1. Can you tell which of Tyr219, Tyr150, Tyr174 is outside any helix (DSSP H, G or I) and at pLDDT 95 or above?
2. If you check every pair at least six apart or on different chains, which have Cβ atoms under 7 Å apart with a residue in segment 30-48 that is at pLDDT 95 or above first and a residue that is among the small types (Gly, Ala, Ser) and surrounded by fewer than 17 Cβ atoms within 10 Å (Cβ to Cβ) second?
3. Name the residues in segment 154-181 that are touching a helix residue (DSSP H, G or I) at 6+ places or on another chain (Cβ under 8 Å), touching a residue at least 60 places away in the same chain (Cβ under 8 Å) and surrounded by fewer than 19 Cβ atoms within 10 Å (Cβ to Cβ), would you?
4. Can you pull out every residue in segment 100-155 that is among the hydrophobic types (A, V, I, L, M, F, W, C), closer than 19 Å to Asn59 by Cβ and under 15 Å from the mean Cα position of the chain (by Cα)?
5. Could you tell me whether any residue of segment 215-225 is in contact with an Asp or Glu (Cβ under 8 Å, 6 or more places away or on another chain), loosely packed, with under 15 Cβ neighbours inside 10 Å, among the basic types (Lys, Arg) and more than 26 Å from Ala44 (Cα to Cα)?
6. Hey, does segment 71-89 have a residue that's closer than 27 Å to Asp136 by Cβ, touching a strand residue (DSSP E or B) at 6+ places or on another chain (Cβ under 6 Å) and of a type in the set (A, V, I, L, M, F, W, C)?
7. Say whether the condition of being more than 24 Å from Gly148 (Cα to Cα) and in contact with a Lys or Arg (Cβ under 8 Å, 6 or more places away or on another chain) is met by at least one residue in segment 39-51.
8. I'd like the full set of residues that are touching a helix residue (DSSP H, G or I) at 6+ places or on another chain (Cβ under 8 Å) and surrounded by fewer than 19 Cβ atoms within 10 Å (Cβ to Cβ), limited to segment 51-68.
Amino acid sequence: MPRKPRFFVSGVANHVIQRGNNKEAVFFEEEDYRKYLTILNEAATKHSVKIHAYVLMTNHIHLLATADTTNGISQMMQQVGRFYVPYVNFKYKRTGTLWEGRFKSSLVSDDLYVLACMRYIEMNPVRAHMVKAPQDYKWSSYHFNVRGVYDSVVSEHISYKDLARSRKKQQETYRDLFLEHLDEKILSDIRNCAQTGTPLGNNKFKSQIESKLKIKVGYNTRGRPRKL
């Protein structure tokens, strides 16, 4: 079966997911998380990619990132793999692949979809029952976006900046979004789009992506859409 194409558009945010091979761990101790973030920051800087949200789970990672070029995110992830995999293999005396094939990605529309995707990413440890609240998990962008803790990896998305004029008010407004649960439809769409590579947004956004790429982007569920 041919690979489903991944869609990249410069200046449009992308939800990126990469999982460990056979769902096995890719981080084993604190030094590994710090090493990954250092490598990620260097790769993002080199390939002109801005990262707006991230979470490093035990056996997978999520990023929300925007690249200045169409191949920036792919180049960034390739560089991360070239440096992080040998680091893990050497440190833990292992061989072979670390990641489960290619990373998955889906373009994300601005405004509510970007903010929803950021919350989805930063709430991952809570949904996995690792912590009770996002602020209790160390390896995510929540501390930057809500608490203003310095993080060289993270850059604010325009949708985040539009929440308020001042940085403090942006943090407070964004924090308040976590007081409500993500809508189940949004949650389902985020997961399905990430799995299938379909752009996350309304029909107008998908039409704009198809116009730019001159290719059909498909549906966020397998098979043909159901008839009304």
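The values are calculated or read from the model by the stated rules, or taken from the named source; none is laboratory data. As the structure is a prediction and not an experimental result, all values here were calculated from the model. All Cβ positions, even for glycine, are placed from backbone atoms using ideal geometry, and neighbour counts span all protein chains on display.
1. Numbers: Tyr219 fails: at pLDDT 95 or above; Tyr174 fails: outside any helix (DSSP H, G or I).
After ruling out the rest, the residue left standing is Tyr150.
2. Here the result reads Asn41/Ser152, each pair linking segment 30-48 to a residue that is among the small types (Gly, Ala, Ser) and surrounded by fewer than 17 Cβ atoms within 10 Å (Cβ to Cβ).
3. Taking segment 154-181 and keeping what is touching a helix residue (DSSP H, G or I) at 6+ places or on another chain (Cβ under 8 Å), we get 154, 156-157, 159-161, 163-164, 170-171, 174, 177-178.
With touching a residue at least 60 places away in the same chain (Cβ under 8 Å) added as a condition, the list becomes 154, 156-157, 160, 177.
Across segment 154-181, the qualifying residues are Glu156, Leu177.
4. First, pick out the residues of segment 100-155 that are among the hydrophobic types (A, V, I, L, M, F, W, C): 103, 107-108, 112, 114-118, 121, 123, 126, 128, 130-131, 133, 139, 144, 146, 149, 153-154.
Next, from what is left, pick out any that are closer than 19 Å to Asn59 by Cβ: 103, 121, 123, 126, 128, 130-131, 139.
Passing the criteria: Phe103, Ile121, Met123, Trp139.
5. We begin by selecting, within segment 215-225, every residue in contact with an Asp or Glu (Cβ under 8 Å, 6 or more places away or on another chain); these are 216-217, 220.
Still in the list and also loosely packed, with under 15 Cβ neighbours inside 10 Å: 216.
Those still in the list that are among the basic types (Lys, Arg) too: 216.
Of the ones still in play, those that are also more than 26 Å from Ala44 (Cα to Cα) are 216.
Within segment 215-225 (the criterion being in contact with an Asp or Glu (Cβ under 8 Å, 6 or more places away or on another chain), loosely packed, with under 15 Cβ neighbours inside 10 Å, among the basic types (Lys, Arg) and more than 26 Å from Ala44 (Cα to Cα)), the answer is yes, since at least one residue qualifies.
6. no
7. Initially, segment 39-51 is screened for residues more than 24 Å from Gly148 (Cα to Cα), giving 46-47.
Now restrict to residues that are in contact with a Lys or Arg (Cβ under 8 Å, 6 or more places away or on another chain): none.
The answer is no; no qualifying residue exists.
8. Scanning segment 51-68 gives a single hit, Asn59.
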